Amino acid sequence: MKKLLATCLLALSLPAQAGQIEVLHYWTLPSEVTALALLKSKLGRHGLYWKDFVVPGGGGESAYAVLQARAIAGDPPMAALMEGPIIQEWASLGFLAAPYPPAREKQWDAVLPAVVRDAVKYKGRYVALPTDLHRINWMLVNPAPFDALKLPVPASWDAFFKVAPRLKAAGYIPLSLGKLDWQETTLFESVLLGLTDGAFYRKVFVEQDSAAINSARMVAVLERFRQLRQYAAPGSTGKSPEMAAIRSGRAAMFIMGDWAKADLVLQGMVPGKTLRCVPAPGTAGYFVYGLDSFALFRTAESAADTQAALADVLMNPALQSELARRKGAIPPRTDASHEGFDSCGLDAVSAFRDAEKHGRLLPSMAHSMATSQQAREVFFRVISYYFNHPEQSSQQAARQIDAALQALRY
């Protein structure tokens, strides 16, 4: 994107209708729709109108492509949902704005964790507004299969491979998994961390170190990962079969970010009773995070006040608390209330604080926080192909990842 956009002249968009805020996003899950309803209601009370510009696709790839086309044409939306390094990329090209006084930003500095500030600031200014933090390395558990067979919920991958055959023999799906590359890569992310440690995780996903990617350790992780295939299945057809399987009790476990928990709660599951949230095997003590933020685009000068008003709403601690509760996340602001959070949400708050204290916060690669969109696509393609094609060796997959990542550097 950088090479292409750098050749284009930055143009101001036409003035928007007074009080209208066009926002590009990809929030389409039921829990995300309830969160959007909250945002629209709060903005309405300030005389502002949220105009949806929805581009479906949970990872944002389609949305970013549409956004790029509009920005090149000189007609970007007023704001756009973004995650991770792509925020810095857009800011470095001069597309993003910070239409609020520096004094306001100093107030935000005091209540936002360092990993959040680093993700949304460029040259000392907030070019995006962080709204909710997700824990990616959750394992969502339906306790019914475990209770029926009197089995413990596995806390390590060795323990998983002991209980999985018994669950499968009894007719359960041990691990629910959608047939989507981003879900397979989300699973791989947790497998790698659970079998290694935070330092190796950073070597592979953040630094993309060739020695680490081609190491015997990486090969062992890949081999263990593919062994999960015999225990992983969606269990049904239709929309989100992986969610239906865990909800019905046909599946016992599902490794996914906590937005999935929010959707399961909307469908009747009760955290602490019919649904448990535990760290993915081997990842206790780590918090692999995803962060939703809304970047503000440079538009007509007359829109600056409207954008500043949007910032006031999005950064309100009470709003962030309710938004996080609806999305199954935790609020980025440390002064936001956690009243009304379910047991999973409270556990996430505690886990984040503990991981922050011990240097165990890790950016999710699968959910855009650790690397560029292009590098993420490399992992998606190679990991998904490897998982579904047993004829490819683990060594071949590792070499393919490394070669593709190296090609991006030139």
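Quick note: the coordinates plus some simple rules give every number you see, no bench work behind them. Quick caveat, the model's predicted, so the values are computed rather than measured. Ideal geometry is used to build each Cβ from the backbone, glycine not excepted, and the neighbour counts take in all protein chains shown.
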Could you work out the relative contact order of the chain, using alpha carbon pairs under 8 angstrom and six or more residues apart, expressed as a whole percent?
26
So for the chain, considering every pair of alpha-carbon atoms, how many percent are separated by more than 30 Å?
41
Which of ARG326, ARG70, ARG224 fluctuates most in a GNM of the chain (C-alpha springs under 10 Å)? That residue is ARG70
Using 1/(1 + (r/R0)^6) with R0 = 30 angstrom and r between the beta carbons of LEU266 and GLU339, what's the FRET efficiency to the nearest 0.05?
0.90
Sort region 25-138 into rounded, prolate or oblate with this rule: let a ≥ b ≥ c be the square roots of the eigenvalues of the Cα gyration tensor; rounded if a/c is under 1.5, and if a/c is not under 1.5, prolate when a/b is larger than b/c, oblate otherwise.
rounded
Most fluctuating of ASN316, ASN137, ASN214 in the GNM of the chain (C-alpha, under 10 Å) is ASN316
Provide the per-residue ³J(HN,Hα) series for region 345-356, in order, calculated from phi with Karplus coefficients 6.51, -1.76, 1.60 and θ = phi - 60°, each as a whole number of Hz, with x at glycine and proline positions.
x, 5, 5, 5, 4, 5, 5, 5, 4, 5, 5, 4
Just the projected area, averaged over all directions, of the convex hull on the alpha carbon atoms of region 193-315: how many nm²?
12.3
Percent antiparallel among DSSP beta bridges confined to the chain, rounded to 5, stands at 60
Please give the peptides 288-295, 259-266 ranked by average Cβ packing (other Cβ atoms within 10 Å per residue), highest first, as a rough proxy for protection.
288-295, 259-266
Which cross-chain or sequence-distant (5 or more) residues have an amide H under 5 Å from the amide H of LEU275, H modelled 1.01 Å from N in plane?
VAL270
Rounded to the nearest 500, what is the 222 nm mean residue ellipticity of the chain from helices alone, with -39500 (n - 2.57) per DSSP H run of 4+ residues and division by all residues?
-14000 deg cm²/dmol
Going by average Cβ neighbours within 10 Å, how do the peptides 29-35, 148-154 rank, with the highest at the top?
29-35, 148-154
Bridge orientation stat for region 116-257 from DSSP, antiparallel percent rounded to 5, came to 55
Place a point 7 Å from Cα of LEU180 in the direction of its Cβ. Which residues in region 70-88 have their backbone N less than 11 Å from it?
none
THR334, THR186 arranged by Cβ crowding within 10 Å, fewest neighbours leading:
THR334, THR186
Note on region 273-410: alpha-carbon gyration tensor, axes a ≥ b ≥ c; rule is a/c under 1.5 for rounded, else prolate if a/b larger than b/c, else oblate; result oblate
Taking Cα atoms only, helix 216-227 is inclined relative to the longest principal axis of the chain by an angle, in degrees rounded to 10, of 80
For region 350-410, rounded, prolate or oblate, judged on the Cα gyration tensor with a ≥ b ≥ c (square roots of eigenvalues), a/c < 1.5 rounded, else prolate if a/b > b/c?
prolate
Please report the antiparallel percentage of DSSP beta bridges with both residues in region 14-131, rounded to the nearest 5.
20
Residue-wise HN-Hα coupling along region 307-321, computed from phi with Karplus coefficients 6.51, -1.76, 1.60 (Hz; x: Gly, Pro)
5, 5, 5, 4, 4, 4, 6, 5, 8, 5, x, 5, 5, 4, 5
HN-Hα J couplings of region 43-49 from phi, Karplus 6.51/-1.76/1.60, θ = phi - 60°, integer Hz, Gly and Pro as x?
5, x, 5, 9, x, 10, 10
Relative to the longest principal axis of the C-alpha atoms of the chain, give the angle of the C-alpha long axis of helix 61-72, reported between 0 and 90° and rounded to the nearest 10°.
20
Two-site label geometry, ALA199 and TYR49: point separation in nm, points 7 Å out along Cα→Cβ:
5.8
